[in-house]
Amino acid sequence: MKVSIIGATGYTGEELLRLLSSHPQAEIVAITSESQTGAAISEIYPHLQQFYDNKLVNMHQLDEIAAQSDVVFIALPHGHAMEAGKKIVAKGTKVIDLGADYRFSDTSVYEKWYKLPHTHQEAQPVYGLTELYREQVKTASIIGNPGCYTTASILALAPLVKHQLIELSSIIIDAKSGVSGAGRSLSLNSHFTEVFESVKAYNIAGHRHTPEIEQALGELAGSEIFISFTPHLIPIARGILSTCYSTLKAGVTAAQVDEAFHSLYQEEYFIRLLGRGGYPVTKNTRGSNYCDIGWHIDPRTNRVVVVSAIDNLVKGAAGQAVQNMNVMFGLDERLGLTQAPLYP
């Protein structure tokens, strides 16, 4: 497959290149940057030397890039993918957007939360949470790759919602992310001295991943869902740990909860079930496309607590994008993604 990356100099673009370097069916034909056009990607990311020395080109060559590619990954901030996506699919080329522009089936939700007009209303994208939307991904032209918090949280709660084991109005998500989730651009909030030896909550009741989670869980439930979601920034480079709380319906047993997770995920290669009593750890998924899930039942409060861990740059971004690419082109979805996690 001929593959191009629009916006290759961010963390997700770099991670795509790292993963695709071991993909036996993918050839990089173009990578772009608006600010560093003409530079070799290995000058910006020296760890890619001898893997990629490709020169970065300008996005003004988009028609040419689309014509010579089978699939184009777009790794741009929200609001920038829609116009590029229009031009790319017009050439018959598939699009996987790692930003937010194609994540919502109802574009008015995007416009409400992102405060921008959606300019590609006719796109008909597929939400690219592979384990839940695999059949739709197979025939998609445009994939909206999920956010990192959303991937960890939806996968944690999907079995409970799908099997109608919890009170839908009771869902609370407490999630923590490493600093790379904020991107590579300079910001005071992600400076070493601001983050080191500190943990903070942010965007309480207003984080833009909230409607994504509500959309996916609502589709599983067959009804509208509203959740409480609080993200936190923690002083690590990579990783998401999502702790999800909900109240069990009357009469639901621990065995039913166990069965819900095993029935949904027992055949899923990238989901590692740690079982009831399991404690996922971000370090155990670092650099990998795995999602580790464990759950606990508190009989005193009749709550179930589900914990999930992923690498935000891999399963939460680039790895899931490659997984979706594999499914779109009828390949083994594990191709290029079977590296063991990095430890320690």
Do we find that Tyr102 is open to solvent by 10 Å² or more (accessible area, probe 1.4 Å) and either in a strand (DSSP E or B) or of a type in the set (Phe, Trp, Tyr) (or both) in this structure?
no
Go through the range 85-98 and give me each residue that's open to solvent by less than 10 Å² (accessible area, probe 1.4 Å), in contact (Cβ under 8 Å) with a residue 40 or more places away in the chain and touching a helix residue (DSSP H, G or I) at 6+ places or on another chain (Cβ under 6 Å).
Val95, Ile96, Asp97
Gln215: passes all of (1) within 19 Å of Asn312 (Cβ to Cβ); (2) under 15 Å from the mean Cα position of the chain (by Cα) but (1)
I'm trying to understand the selection: among the residues of the range 35-63, which are in contact (Cβ under 8 Å) with a residue 12 or more places away in the chain and more than 17 Å from Glu14 (Cβ to Cβ)?
Gly38, Asn58, Met59, Gln61, Leu62, Asp63
Please state which of the following conditions Ile172 fails to meet, knowing it meets all the rest: (1) open to solvent by less than 10 Å² (accessible area, probe 1.4 Å); (2) touching a Cys at 6+ places or on another chain (Cβ under 8 Å); (3) within 14 Å of Ile213 (Cα to Cα).
(1)
When Ser108 is run through (1) under 22 Å from the mean Cα position of the chain (by Cα); (2) farther than 26 Å from His209 by Cβ; (3) open to solvent by 10 Å² or more (accessible area, probe 1.4 Å); (4) polar (S, T, N, Q), the failure sits at (2)
Give just the number: which of (1) surrounded by 19 or more Cβ atoms within 10 Å (Cβ to Cβ); (2) at pLDDT 95 or above does Gly181 not satisfy?
(2)
Read through the list (1) touching a Leu at 6+ places or on another chain (Cβ under 6 Å); (2) open to solvent by less than 50 Å² (accessible area, probe 1.4 Å); (3) under 27 Å from Leu16 (Cα atoms), then give the number of the only condition that Ile166 fails.
(3)
Residue list for the range 184-212, filter: within 14 Å of Asn312 (Cβ to Cβ) and either small (Gly, Ala, Ser) or open to solvent by 90 Å² or more (accessible area, probe 1.4 Å) (or both):
Arg184, Ser190
Any chance you could count how many residues in the range 203-223 are farther than 14 Å from Leu129 by Cβ and touching a Gly at 6+ places or on another chain (Cβ under 6 Å)?
0
Looking only at the range 118-127, count how many residues are touching a Ser or Thr at 6+ places or on another chain (Cβ under 9 Å) and open to solvent by 60 Å² or more (accessible area, probe 1.4 Å).
2
Which of the strands (runs of 3 or more DSSP E) found entirely inside the range 215-304 contain at least 1 residues meeting this: of a type outside the set (Val, Ile, Thr), open to solvent by 20 Å² or more (accessible area, probe 1.4 Å) and closer than 30 Å to Leu335 by Cβ?
240-247, 271-276
Can you find a residue that is part of a helix (DSSP H, G or I), surrounded by fewer than 14 Cβ atoms within 10 Å (Cβ to Cβ) and at negative phi anywhere in the range 45-53?
yes
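One line per residue, one yes/no per condition, for (1) farther than 21 Å from Gly144 by Cα; (2) aliphatic (A, V, I, L, M):
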{"position": "Val3", "(1), (2)": "no, yes"}
{"position": "Ala8", "(1), (2)": "no, yes"}
{"position": "Thr32", "(1), (2)": "no, no"}
{"position": "Ser35", "(1), (2)": "yes, no"}
{"position": "Gly38", "(1), (2)": "yes, no"}
{"position": "Leu48", "(1), (2)": "yes, yes"}
{"position": "Leu76", "(1), (2)": "no, yes"}
{"position": "Gly85", "(1), (2)": "no, no"}
{"position": "Leu98", "(1), (2)": "no, yes"}
Quick one: what pairs do we get from the range 248-266, first residue over 18 Å from Val307 (Cα atoms) and among the β-branched types (Val, Ile, Thr), second modelled with pLDDT under 95 and outside any helix (DSSP H, G or I), C-beta under 9 Å, 6+ apart or different chains?
none
Might you let me know whether the range 131-151 holds any residue that is closer than 19 Å to Val3 by Cβ, open to solvent by 10 Å² or more (accessible area, probe 1.4 Å), of a type in the set (D, E, K, R) and in contact (Cβ under 8 Å) with a residue 24 or more places away in the chain?
yes
Quick check on the range 55-70: of everything there that is open to solvent by less than 50 Å² (accessible area, probe 1.4 Å) and not in a helix (DSSP H, G or I), which residue is modelled with the lowest pLDDT?
Asn58
Which of the following residues is crowded, with 20+ Cβ neighbours inside 10 Å and modelled with pLDDT of 95 or more: Val3, Val29?
Val3
Residue count, the range 6-26, condition within 22 Å of Gly181 (Cβ to Cβ) and open to solvent by 50 Å² or more (accessible area, probe 1.4 Å), comes to 2
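The values are calculated or read from the model by the stated rules, or taken from the named source; none is laboratory data. Remember, predicted model here, so these are calculated numbers, not experimental data. Note that each Cβ is placed from the backbone with ideal geometry, even for glycine, and that neighbours are counted across all protein chains shown. SASA here: full protein model, heavy atoms, side chains in, ligands and nucleic acids out. Shrake-Rupley method; radii C 1.70, N 1.55, O 1.52, S 1.80 Å.
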